[in-house]
Amino acid sequence: MSGPGQRDFESSSLGTIEHWDSTYEKELEAFKDIGDVGEIWFGEDSQERILDWIEDNEEIKTDDSIIDLGCGNGMLLVELSQRGYSNLTGMDYSAGGIELAKSIAESNNVENIKYEVADLICDDANKKYTCLGHTYKVCVDKGTYDAISLMPSDEIPARQYYLQTLKRLMTDDSLFIITSCNWTQDQLVEFFGSDFQLHDKIKTPSFQFGGKTGNTVTSLIFKLKS
Ligand SMILES: C[S@@+](CC[C@H](N)C(=O)[O-])C[C@H]1O[C@@H](n2cnc3c(N)ncnc32)[C@H](O)[C@@H]1O
């Protein structure tokens, strides 16, 4: 299907909680057995670029609140903690993901991250879950909007729920950092543009094909429209 806001890719099991629960169950076992933290989505370089952007941004102080939406194994938060950030929250709808994130943080002696199992796309998410009832200076999403966009059904209402939940986590000063491999910059700006304005872009490697330049991963920063 195509058209404004429509996805031009097929749905997938990556859009289901069953997929993430079974993934994190296996990853937790592997972590306990051999210390493997599991998949770093979009690779370590992508993660590093996000961390560097945060660190280079003078607007973000080390005690500012940062939430990782759909944190999975939580490695981004562990890295932020190790870089001196102290007001960190991780949330994910997979209880197994949160268990894995807590185990990894503990083994790295990182004790200052708050975690909660919470669903971004249910009714009243901001009232239902403690972590979604606050506003944050920085909201990070690496691959979660992508996963939500892959839901086998109802992906458009789900993405609208996501937008509503996100807006309530932000103030005029907040920054939303989204990293996606399914959506292009133009598509992200089109979807989030109703409420957000593009603030910055994290440079990601580009490729050229047939005279056109494209990116495999897109990392954008949005602010609420004033
Ligand atoms: C591609 S993974 C990315 C994980 C992590 N952000 C990273 O970069 O390693 C997508 C994550 O989104 C989470 N997720 C998907 N839908 C969600 C929802 N409705 N609420 C909260 N988390 C969700 C999944 O459980 C999974 O951990």
Give me the distance in nm between label points sitting 7 Å out from Cα along the Cα-to-Cβ direction at Ser194 and Lys127, one decimal.
2.1 nm
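Where does the chain land at 222 nm, in deg cm²/dmol rounded to the nearest 500, when only DSSP H runs of n ≥ 4 count, each adding -39500 (n - 2.57), divided by all residues?
On the way: 8 runs with 85 residues, N = 226.
Computed mean residue ellipticity for the chain: -11500 deg cm²/dmol.
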Out of the total accessible area of segment 13-206 (probe 1.4 Å, heavy atoms of protein only), what percent is carbon and sulfur?
46 percent
Which whole-percent values make up P(r) of segment 77-226 when all C-alpha to C-alpha distances are grouped in 5 Å steps starting at zero?
2, 8, 16, 20, 21, 16, 10, 4, 2, 1
Report the residues of segment 57-96 in range of a label on Lys114: point 7 Å along Cα→C-beta, backbone N strictly under 15 Å from it.
63-69, 86-92
Before anything else, pin down the relative contact order of segment 13-206: Cα pairs under 8 Å, at least 6 apart, normalised by residue count, whole percent.
22 percent
Averaged per residue, what accessible area in Å² does segment 13-206 show with a 1.4 Å probe, protein chains only?
46 Å²
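The values are calculated or read from the model by the stated rules, or taken from the named source; none is laboratory data. Everything quoted here is computed from the prediction, not taken from an experiment. All Cβ positions, glycine included, derive from the backbone under ideal geometry; neighbour counts span all protein chains shown. Just the protein is used for accessible areas: all its heavy atoms, side chains included, with ligands, DNA and RNA removed. Shrake-Rupley method; radii C 1.70, N 1.55, O 1.52, S 1.80 Å.
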